[in-house]
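Some notes on the structure that comes next.
The values are calculated or read from the model by the stated rules, or taken from the named source; none is laboratory data. Bear in mind the structure is a predicted one, so any value in this text is a computation, not a measurement. Every residue, glycine among them, receives a Cβ derived from its backbone with ideal geometry; neighbour counts consider all protein chains shown.
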Amino acid sequence: MARVIVVTSGKGGVGKTTCTASIGAMLAFRGKRVLLIDGDIGLNNLDVLVGIDDKVVYDMADVISGRCRIKQALVSSPDIPNMYVLPSQNAYNSDSISMKDFRGLITKLSDGFDFIFIDSPAGIDKGFHRAVSPSTEALVVATPNVSSLRDADKVISILHNYKLNGINLIVNRIRGDMIINGEMMSVLEISKLLGVSPIGVIPEDDKIHIFSELGKIGRGECLAMRSFECVADNFITGRRRLYDPTAQYRGMVGKLKMMLKRA
């Protein structure tokens with residue numbers, strides 16, 4: 001039986017889909033059977049980040065309407081073994097897929113995978129509740145700015161109304177130099193503010209944006225991807241080993257790095 005994890009944020013543009021694809025890839029590389037479901041019906045781009053958009057023939061709507069079998073709609077990653085994507089259709093009417101149909105689909109898929117990640121649409125409307133409804137856990141993605149944290153707090157309060165086994169937090173796009181200078185909240189401060197323990201801390205990294213644009217998530221080396229490896233290990237082991245964004249800016253060498261970064 002799969003662990004069904006909805007990945008949500010409240011606010012758009014915080015890297016929720018990138019986190020979904022990256023964590024899925026790192027778990028698949030560790031031998032876990034992973035399914036990524038694009039729950040953002042109408043504004044989907046998970047298939048683009050994973051690099052399988054040219055391989056999509058059928059989608060979630062085709063499965064629910066009976067136009068194809070589930071296996072026909074699942075697209076395997078060409079470079080990442082054990083990872084599959086169930087795409088949605090950007091032209092499809094989101095309201096046409098009911099919460100009941102979506103839950104039934106997840107139930108049918110659950111026995112075939114170790115992890116199912118549902119990439120939820122931003123916000124707290126019907127699409128969000130549909131994505132949460134079959135989930136056993138939630139992963140909230142937030143960036144260290146006021147608007148993102150305020151929206152994340154609203155999402156977390158709603159998630160507490162569901163019978164979930166756990167709610168975890170990823171703090172994305174964090175900068176250690178700004179934390180040291182008091183210009184950005186620390187991970188501990190963010191965790192206390194939201195009342196949720198972090199399972200991952202992802203640094204601001206230009207390379208991850210490049211990998212996303214190229215559809216190469218999980219297939220390139222950068223600091224952000226190494227941080228996602230820690231997140232995957234935490235999901236498997238139950239530990240909370242987190243990336244320290246301030247470590248590289250400590251000491252004389254760290255101060256020099258910080259000066260160069262600001263320059």
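Inspect the stretch 128-148 for any residue being aliphatic (A, V, I, L, M), in a helix (DSSP H, G or I) and out of contact with any strand residue (DSSP E or B) (no Cβ under 8 Å at 6 or more places or on another chain) and give the result as yes or no. The answer is yes, given that some residue of the stretch 128-148 is aliphatic (A, V, I, L, M), in a helix (DSSP H, G or I) and out of contact with any strand residue (DSSP E or B) (no Cβ under 8 Å at 6 or more places or on another chain).
Among the conditions (1) modelled with pLDDT of 90 or more; (2) out of contact with any helix residue (DSSP H, G or I) (no Cβ under 8 Å at 6 or more places or on another chain), F228 misses just one, which is (2). Cβ-Cβ contacts under 6 Å between residues 6 or more apart (or on different chains), taken from a first residue in the stretch 188-209 that is free of Cβ contacts under 8 Å to residues at least 40 places away in the same chain and over 12 Å from I170 (Cβ atoms) to a second residue that is surrounded by 14 or more Cβ atoms within 10 Å (Cβ to Cβ) and of a type in the set (A, V, I, L, M, F, W, C), are listed as D205/C222; D205/L223; D205/A224; K207/C222.
Being surrounded by 14 or more Cβ atoms within 10 Å (Cβ to Cβ), over 18 Å from T17 (Cα atoms) and in contact with a strand residue (DSSP E or B) (Cβ under 6 Å, 6 or more places away or on another chain) is the requirement here; does F117 meet it?
no
Just checking, how many residues over the stretch 172-222 are touching a strand residue (DSSP E or B) at 6+ places or on another chain (Cβ under 6 Å) and at pLDDT below 90? Qualifying residue count for the region: 0.
Kindly provide the set of residues from the stretch 151-166 that are in contact (Cβ under 8 Å) with a residue 12 or more places away in the chain and assigned to a helix (DSSP H, G or I), ordered by number. D151, A152, D153, K154, V155, I156, I158, L159, listed by residue number. Restricted to the stretch 167-219, the set of helices (runs of 4 or more DSSP H) holding at least 1 residues that are closer than 24 Å to E137 by Cβ comprises 187-194, 206-214. Filtering the stretch 7-37 to residues that are under 14 Å from S227 (Cα atoms) and either in contact with an Asp or Glu (Cβ under 7 Å, 6 or more places away or on another chain) or basic (K, R) (or both) leaves T20, M26.
Does G42 fit the bill of being surrounded by fewer than 19 Cβ atoms within 10 Å (Cβ to Cβ) and either more than 19 Å from A232 (Cα to Cα) or at pLDDT 90 or above (or both)? In short, yes. Select from the stretch 234-249 the residues that are touching a residue at least 60 places away in the same chain (Cβ under 8 Å) and part of a helix (DSSP H, G or I) and write down the one among them that is nearest to I156 (Cα to Cα). This residue is F235. Restricting the search to the stretch 1-55, which residues are assigned to a loop (DSSP other than H, G, I, E, B), over 14 Å from the mean Cα position of the chain (by Cα) and β-branched (V, I, T)? Passing the criteria: I41, I52. For the stretch 220-231, the set of residues classified as in a helix (DSSP H, G or I) and not polar (S, T, N, Q) consists of L223, A224, M225, R226, F228, E229, C230, V231, listed by residue number.
Can you confirm whether S88 is surrounded by fewer than 16 Cβ atoms within 10 Å (Cβ to Cβ) and of a type outside the set (F, W, Y)?
no
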